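Quick notes on the structure that follows.
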Amino acid sequence: MNFMNQAFLLAKKAQSHDDVPIGAVIVRDGKIIARGENRVQKSKNPTLHAEIVAINKACKKLNAKFLDGCDLYVTLEPCSMCATAISFARIKNVYFAATDEKGGGITANAKIYESDKHLWKPNVIQMPEYAEESANLLKNFFAQMRKKN
């Protein structure tokens, strides 16, 4: 199973309810254990980013506060809030499609894991073969939103 493709399906689900199209899946032992899509608009809650939704579901499923041995696949570089939640959850690997020059918290802007103050630093792997798909999905979404307004 292609985990990043599953994250893209969730991004499109987010878009269907007028949320920024970002999707995330959490994988353990080669199986998806949790899925999340942005729900900020749908739930009127600015903290319900795809990564946070997926982390909450994974913790509930495993009945654990730490996600040791889990990997996160997400269609856009996590923001600082999500990068910190990933650290607190002790996710092993973070795979992301596109960098986020404006709001990214890992490779752009805050570069949250570059500080030695974090208790847990995941391995971070960008998957550039998915970057264009992610960027196009986001560009088209914001173009449609501008037309609506």
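The values are calculated or read from the model by the stated rules, or taken from the named source; none is laboratory data. Since this is a predicted model, take the numbers as computed values, not measurements. Note: ideal-geometry Cβ built from the backbone for every residue, glycine included; neighbour counts use all protein chains shown. SASA here: full protein model, heavy atoms, side chains in, ligands and nucleic acids out. Shrake-Rupley method; radii C 1.70, N 1.55, O 1.52, S 1.80 Å.
Summary table below
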read-out	value
Considering residues of the range 111-144 that are of a type in the set (A, V, I, L, M) and over 16 Å from the mean Cα position of the chain (by Cα) only, the residue least open to solvent (accessible area, probe 1.4 Å)	ALA143
Top-ranked residue of the range 94-103 - restricted to ones that are touching a strand residue (DSSP E or B) at 6+ places or on another chain (Cβ under 8 Å) and outside any strand (DSSP E or B), ranked as least open to solvent (accessible area, probe 1.4 Å)	ASP100
Residue match in the range 58-75 (condition: more than 20 Å from ALA108 (Cβ to Cβ), charged (D, E, K, R), touching a Gly at 6+ places or on another chain (Cβ under 8 Å) and touching a residue at least 24 places away in the same chain (Cβ under 8 Å))	no
Residue in the range 5-12 that is free of Cβ contacts under 8 Å to residues at least 60 places away in the same chain, touching a Phe, Trp or Tyr at 6+ places or on another chain (Cβ under 9 Å) and either open to solvent by 20 Å² or more (accessible area, probe 1.4 Å) or not in a helix (DSSP H, G or I) (or both) present	yes
Sole residue being surrounded by fewer than 22 Cβ atoms within 10 Å (Cβ to Cβ), farther than 22 Å from GLU132 by Cα and aliphatic (A, V, I, L, M), chosen from ILE86, ILE91, ILE33, ILE52	ILE33
Residue check, ASP68 open to solvent by 30 Å² or more (accessible area, probe 1.4 Å), out of contact with any Ser or Thr (no Cβ under 9 Å at 6 or more places or on another chain) and on the phi > 0 side of the Ramachandran plot	no
Meets criteria (among the small types (Gly, Ala, Ser) and touching a Ser or Thr at 6+ places or on another chain (Cβ under 8 Å)) for ALA135	no
Positions within the range 109-137 being touching a residue at least 40 places away in the same chain (Cβ under 8 Å) and out of contact with any helix residue (DSSP H, G or I) (no Cβ under 9 Å at 6 or more places or on another chain), in sequence order	GLN126
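Rundown of residues vs (1) touching a Pro at 6+ places or on another chain (Cβ under 9 Å); (2) assigned to a strand (DSSP E or B), yes/no style:
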| position | (1), (2) |
| --- | --- |
| ASP18 | no, no |
| PRO21 | no, no |
| VAL25 | no, yes |
| VAL53 | no, no |
| ASP71 | yes, yes |
